[in-house]
Amino acid sequence: VLGSAPMAFAAEEIRVGVISPMTGPAAKFGQIQKNTLTLTSEDVNNAGGIKSLGGAKVRLIFGDSRGEPDIGVTETERLITKEKVHALIGAFQSGVGFPSSAVAERHQIVWLNYGTVDKITQRGFKYLFRAHANDTIKARTLIEGLAALSKRGTPLKTAVIFSENTEWGKSVGDKQKIFLEGLGIKLHFVEHYPYAAADLTSMVVKAKGLKPDLIVANSYLGDALLITRQMSEQEVRPVAYAAGGAGHLQPDFLKGVGRMSEGILVATMWEAAVGKAVPWIAKENERHVARFGMPMTEDSAGYYQLFQILVDALERAKTTSSDKLRDAIAATNISDINHKAM
């Protein structure tokens, strides 16, 4: 009987920590992630909570990384030691997630990772999981897709890459370089420009002088807006303008550059149009738009997916015990396209 007391207490509330940039240059991403998680957590709670835990409700507790690795580490420590979270989702920016997930591993707390840098999951960690594509997969998809299009239209023979200088920008830019060169496309340069730079005219002008067929940009929102506007101002018109994701996929990017966004090509893990083939996805996205005035994004849909994986694992684990929850996530095998984790 005494041994059951902690279980009864844990069943009262499932505390899920979320690390996101709620303020700072990437705050727009964090806000949409929060919106999407709020919607789906309310659905779970309104439907009776975690049934195998007696209807335990899920409470989201947010930690603001501000997009800075040191703050992400501090917030992760706070969520684990002060808020006593049972699991963590984060941290969007790989440069934040890499050190923050190490804190979770040290405390043996499940970390459901959103962040694409390959090396995050190459450290042999036991409590860390990723459900989406890494930089290698995303870079290959983008470059091979562009190559396939070029065979049907104007050939792409030369390229430049603009890539911000955080962990993600350096990782995905270098992967794109490998795949471009593997296809025989001449790469003039890869420039890892300062994240959240105030002006990138010199980089854009440098590219203009080389007249590349392809420009690839790996940027968060502010940088994506800046590069696109400055390319327009400098009349830089490559055959193809492509992006690695992130800022170019945000609703505020479309609002900010208007018609300049037309024709930009992006390989993404999420797009609301998937709902044409999978009706429940369309309905979820419509609910999101009705409540928050914007669709889900690649990253917010990724957070949604991780939350649903956690809910599924909690139902199977029937406990918040860290080791058993970890084992339940490791045993996850979902193939039904109508499962919310899909």
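The values are calculated or read from the model by the stated rules, or taken from the named source; none is laboratory data. Just so it is clear, the structure is predicted and the values come from calculations on it, not from any experiment. Here the Cβ positions follow ideal geometry from the backbone for every residue, glycine too, while neighbour counts run over all protein chains shown. We work out accessible area using only protein heavy atoms, side chains counted, and drop any ligands, DNA or RNA first. Shrake-Rupley method; radii C 1.70, N 1.55, O 1.52, S 1.80 Å.
What to note about this one:
- Top-ranked residue of the stretch 79-112 - restricted to ones that are under 15 Å from residue 307 (Cα atoms) and either of a type in the set (Phe, Trp, Tyr) or in a helix (DSSP H, G or I) (or both), ranked as most open to solvent (accessible area, probe 1.4 Å): 92
- Among the residues of the stretch 284-308, those that are crowded, with 21+ Cβ neighbours inside 10 Å and hydrophobic (A, V, I, L, M, F, W, C) comprise 296, 301, 306, 307.
- Residues that are closer than 21 Å to residue 296 by Cα, hydroxyl-bearing (Ser, Thr, Tyr) and without any contact (Cβ under 8 Å) to a residue 60 or more places away in the chain within the stretch 203-254 comprise just one, 219.
- Selected residue (only one of 302, 247 is of a type in the set (Gly, Ala, Ser) and in contact with a helix residue (DSSP H, G or I) (Cβ under 6 Å, 6 or more places away or on another chain)): 247
- Members of the stretch 54-66 that are farther than 30 Å from residue 25 by Cα, open to solvent by 10 Å² or more (accessible area, probe 1.4 Å) and touching a strand residue (DSSP E or B) at 6+ places or on another chain (Cβ under 9 Å): 57
- The set of residues from the stretch 158-184 being among the hydrophobic types (A, V, I, L, M, F, W, C) and either within 14 Å of residue 219 (Cβ to Cβ) or touching a residue at least 40 places away in the same chain (Cβ under 8 Å) (or both) comprises 159, 160, 161, 162, 168, 172, 179, 183.
- Residue match in the stretch 285-294 (condition: over 26 Å from residue 143 (Cβ atoms), part of a loop (DSSP other than H, G, I, E, B) and under 21 Å from the mean Cα position of the chain (by Cα)): yes
- Exactly one residue out of 154, 81, 74, 116 is in contact with a strand residue (DSSP E or B) (Cβ under 9 Å, 6 or more places away or on another chain), at pLDDT 95 or above and of a type in the set (Ser, Thr, Tyr): that is 74.
- If you go through the stretch 25-78 and pick out every residue that is farther than 14 Å from residue 92 by Cα, of a type in the set (Gly, Ala, Ser) and not in a helix (DSSP H, G or I), you end up with 6.
- Looking across 210, 221, 149, 180, one residue alone is out of contact with any Gly (no Cβ under 6 Å at 6 or more places or on another chain) and buried (at least 21 other Cβ atoms within 10 Å of the Cβ). It is 180.
- Test: residue in the stretch 137-148 that is in a strand (DSSP E or B), of a type in the set (S, T, N, Q) and touching a residue at least 60 places away in the same chain (Cβ under 8 Å): no
- Restricting 35, 45 to those that are crowded, with 17+ Cβ neighbours inside 10 Å and either under 28 Å from residue 290 (Cβ atoms) or within 17 Å of the chain's Cα centre (by Cα) (or both) reduces the list to 35.
- Among the residues listed as 235, 271, the single one being surrounded by fewer than 19 Cβ atoms within 10 Å (Cβ to Cβ) and closer than 18 Å to residue 138 by Cα: 271
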